[in-house]
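Below you'll find the structure, written out as structure tokens, and then a few comments.
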Amino acid sequence: MSVLELMQQGLTQGLTQGLTQGQAMGWMQLLLSFAIAQQSLEHLARGDRMIFVPRLGLCLLMALGVGGAWPLWGLWVISLAMLWRYQGPYNGGSDKMTMLILSCLSLAHLAPTPFWQEMALSYLAVQLVLSYFVSGWVKVVNPEWQRGEALRDVFRFSAYPVSEGLRELADRPRFLFVMGWAVILFELVFPLALLDPVALKLALLCAAGFHFSNACFFGLNRFFWIWLCAYPALIWFQDRIF
């Protein structure tokens with residue numbers, strides 16, 4: 001599905017209604033092409049062209065809807081080669097999510113029947129929900145998060161590019177205690193948003209805001225863009241299942 005076709009359908013449809021399987025895949029591929037292109041441009045700025053020039057070209061083809069599923073499969077192969085070259089997902093969770101989305105979309109295009117296409121997208125949706133719930137569970141059983149000390153240490157000692165003004169938040173323990181528990185509770189109750197389409201979209205807006213704040217505070221910009229790429233699958237999944 002091309003960019004123009006997606007724009008004609010309108011972004012508001014995805015916010016007020018569910019998405020069909022084709023629409024979800026189309027939006028995911030469009031968002032994914034932007035996210036991966038951004039990652040590739042970061043490497044090109046450092047002069048690494050062997051992998052990232054072809055990667056950028058495939059992103060352009062996928063965004064324009066040229067070549068069907070071939071650009072997507074090409075990006076999957078390149079991502080697999082990157083795992084070997086860099087000895088694993090060197091950017092951690094964002095690289096893992098990139099590979100997960102590429103794999104599920106590739107399988108959906110290869111699936112012989114609509115049932116298996118739905119299984120591929122459903123797997124991605126379930127993994128997205130678990131990415132929030134498991135993160136919340138890990139925090140809630142951690143004594144440092146329970147006492148509100150985890151965020152204090154992040155702002156005070158981490159090597160993230162946090163400004164001196166933000167580092168002063170480490171001296172506001174009550175604020176960090178409330179913020180820490182807000183994050184924990186949101187992540188733990190996130191699966192409940194699947195019960196209502198409006199609640200899900202509000203939850204996704206809150207989650208996007210959470211990732212955006214991490215990008216601003218800590219420079220974790222890849223997490224923001226790549227997690228957005230998986231949201232259409234969850235909107236489709238909620239409408240399909242519930």
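For (1) under 23 Å from residue 206 (Cα atoms); (2) among the aromatic types (Phe, Trp, Tyr); (3) under 23 Å from the mean Cα position of the chain (by Cα); (4) modelled with pLDDT under 90, each residue gets a yes or a no:
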{"site": "120", "(1), (2), (3), (4)": "no, no, yes, no"}
{"site": "129", "(1), (2), (3), (4)": "yes, no, yes, no"}
{"site": "154", "(1), (2), (3), (4)": "yes, no, yes, yes"}
{"site": "168", "(1), (2), (3), (4)": "no, no, no, yes"}
Given (1) more than 23 Å from residue 211 (Cβ to Cβ); (2) in contact with a helix residue (DSSP H, G or I) (Cβ under 9 Å, 6 or more places away or on another chain); (3) in contact (Cβ under 8 Å) with a residue 12 or more places away in the chain; (4) open to solvent by less than 60 Å² (accessible area, probe 1.4 Å), identify the lone condition not met by residue 60. (4)
Checking the condition at pLDDT 95 or above, hydrophobic (A, V, I, L, M, F, W, C), open to solvent by 60 Å² or more (accessible area, probe 1.4 Å) and part of a helix (DSSP H, G or I), which residue from 185, 200 passes? 185
So, of the residues in region 92-116 that are in a helix (DSSP H, G or I), within 12 Å of residue 69 (Cβ to Cβ) and of a type outside the set (Ser, Thr, Tyr), which turns out to be nearest to the chain's Cα centre (by Cα)? 102
Which one is farthest from residue 110 (Cα to Cα), of the residues in region 31-57 that are touching a residue at least 60 places away in the same chain (Cβ under 8 Å) and crowded, with 18+ Cβ neighbours inside 10 Å? 39
Would you check if there is a residue in region 231-240 being over 30 Å from residue 22 (Cα atoms), among the acidic types (Asp, Glu), open to solvent by 30 Å² or more (accessible area, probe 1.4 Å) and not in a loop (DSSP other than H, G, I, E, B)? no
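The values are calculated or read from the model by the stated rules, or taken from the named source; none is laboratory data. In this text, all values refer to a predicted model and were calculated from it rather than measured experimentally. Counting neighbours? That spans all protein chains shown, and the Cβs are built from the backbone with ideal geometry, glycine included. Each accessible area value is taken on the protein alone, full model and side chains, heavy atoms only, with ligands, DNA and RNA left out. Shrake-Rupley method; radii C 1.70, N 1.55, O 1.52, S 1.80 Å.
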